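Take a look at the structure set out below.
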Amino acid sequence: MTQDAEVDALVRARIRGLRIAKGWSLDELAARCYLSPSTLSRIETGHRRIGLDQLTAIARALGASLDALVETAGDEVVIKPHHHPERGITTWVLNHEPGRQGMTVSRIRVTRPPERDVLRVHPGRDWFTVLSGTVELVLGERTILVEAGQAAAFSTMIPHAFGARGGPAEVIAILDHDGERVHLDA
């Protein structure tokens, strides 16, 4: 099956799935998008090509965007880790919302202590909860030990760094746009 045929089949399945999820018959959706029921049936079953004008009307009637109907890049099913051996960090990005207001949720495994001579400062807030081990959080002049089952939240305008204490540690972290760039990409 070619990529065009796969996209075509995906769009048709989404139209049918959204119609059924709303509990609408072919007649009901056809009336809402000003198509005949037979035309809509042929579109859903692949016996008729979908014109852009038809797709726009169908999307509007279903309350969906064109992007939602034709998007092929789905969510990752298997999340692969990103290793940074020089920093002693492995990161799994679990969710990413792009843009200035977006947030990133990551699982992070740290194996090294914090780099006290490389404290970072950036706009925003960081939040993490420790899944296993102990995290040493350096906030300015303070050192805070965060144990498994505990969480930490702090302004990232305070010079900060974190790392493992007494062996590897794993955290789930929620980072804003600035925190994502500094913590995951640095």
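The values are calculated or read from the model by the stated rules, or taken from the named source; none is laboratory data. Keep in mind the model is a prediction, meaning the values are calculated, not measured. All Cβ positions, even for glycine, are placed from backbone atoms using ideal geometry, and neighbour counts span all protein chains on display. Just so you know, the surface numbers come from the protein's heavy atoms only, side chains and all, with ligands and any DNA or RNA stripped out. Shrake-Rupley method; radii C 1.70, N 1.55, O 1.52, S 1.80 Å.
To the nearest ten degrees, helix 3-21 and the longest principal axis of the Cα atoms of the chain are 80 degrees apart. Which residue fluctuates the most in the chain, going by a Gaussian network model with Cα springs under 10 Å, if the choices are 146, 138, 11? Checking each option, the largest mean-square fluctuation is seen for 11. With contacts taken as Cα pairs under 8 Å at a separation of at least 6 residues, the chain carries a relative contact order of 18 percent. Across the alpha-carbon atoms of the chain, the computed radius of gyration and Dmax are 24.3, 72 angstrom. Local charge for residue 46 was computed over the other residues whose Cβ lies under 14 Å away, with Lys and Arg +1 and Asp and Glu -1, and equals +2. Protein heavy-atom accessible surface, 1.4 Å probe, per residue over the chain: 59 Å². Rounded to the nearest 20, the size of the Cβ-charge dipole of the chain about its Cα centre is 400 debye, with Lys and Arg at +1 and Asp and Glu at -1.
Ordering 95, 30, 68 by Cα displacement along the dipole of the chain toward the positive end leaves 30 in first place; charges were set at the Cβ atoms of Lys, Arg (+1) and Asp, Glu (-1). Taking Cα centre as origin and charging only the Cβ of basic (Lys, Arg, +1) and acidic (Asp, Glu, -1) residues, the dipole magnitude of region 85-142 rounds to 100 debye. Using alpha carbons only, how many angstrom separate the centre of region 1-56 from the centre of region 125-163? Using only Cα atoms to place each centre, the spacing works out to 51 Å. Averaged over residues, the count of other Cβ atoms within 10 Å places the peptides 48-57, 13-22 in the sequence 13-22, 48-57, highest first. Residues whose amide H lies under 5 Å from that of residue 132, counting only those 5 or more places away or on a different chain, are 170; hydrogens are built 1.01 Å from N in the peptide plane.
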